[in-house]
Amino acid sequence: MLEMKVIDEIAPTNGSFSCFERTFGYYAEVKKDCKQFHLCYPEKEENEEKLIYHRITFTCDAGQVFDQRELVCVKPSNETTPCEESPKYYQELSDQVADVLLKSAPQYFQEVKENGKRKVKRRRKIKKTVN
């Protein structure tokens with residue numbers, strides 16, 4: 001069973017990674033040799049027009065790295081995506097994650113546009129659905 005250490009969302013990345021203007025998704029930390037990855041999620045405050053960008057950082061188990069195409073931690077010998085190529089897949093995979101969230105949990109997530117870019121944000125108040 002894979003166990004990952006969670007680093008608090010306010011833990012500094014020393015300027016190496018920011019979730020600002022990123023869509024909801026998982027992002028390999030290239031400057032740390034993909035031994036860490038981030039979950040970014042924008043959230044729109046109720047009755048406000050701005051988004052707040054949250055980041056949660058995870059560390060793979062010892063001897064593993066985050067594979068950006070597979071979105072899992074793997075042993076480097078099994079790595080299908082070289083770490084330095086990870087940014088090529090950020091947007092494509094984040095869009096796929098966003099599509100799944102919008103379809104499977106619309107009561108928790110919604111799509112918004114900011115500066116002409118598509119964003120998926122977590123709803124601040126949960127929308128109740130009637131069956």
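What follows is calculated from the coordinates using simple rules that are stated; it is not laboratory data. Because the structure is predicted, anything quoted here is derived from the model rather than measured. Here the Cβ positions follow ideal geometry from the backbone for every residue, glycine too, while neighbour counts run over all protein chains shown.
Report, in listed order, any pair from K44/K88; K50/K75; K75/K103 with a Cα-Cα distance greater than 30 Å.
Distance filter (> 30 Å) returns K50/K75; K75/K103.
Can you compute the FRET efficiency between I52 and S77 using 1/(1 + (r/R0)^6), with r the Cβ-Cβ distance and R0 = 25 Å? Round to the nearest 0.05. Before the final figure, lay out each step's value.
On the way: r = 39 Å, r/R0 = 1.57.
Efficiency computed from Cβ-Cβ geometry: 0.05.
Say each of D33 and Q91 gets a label point 7 Å from the Cα, pointing the same way as Cα to Cβ; how far apart are those two points in nm?
Going from the D33 label point to the Q91 one covers 3.0 nm.
Please give the length that would be gained between K103 and F20 if that part of the chain were fully extended, namely 0.36 nm times their separation in residues minus their C-alpha to C-alpha distance (nm, one decimal).
On the way: separation 83, 0.36 × 83 = 29.88 nm, distance 2.42 nm.
Gain on extension, K103 to F20, equals 27.5 nm.
Shape call for region 48-88 from the C-alpha gyration tensor, a ≥ b ≥ c root eigenvalues: rounded (a/c under 1.5), prolate (a/b greater than b/c) or oblate?
Working: a/c = 4.06, a/b = 2.08, b/c = 1.95.
Prolate is the answer for region 48-88, as a/c is 1.5 or above and a/b outweighs b/c.
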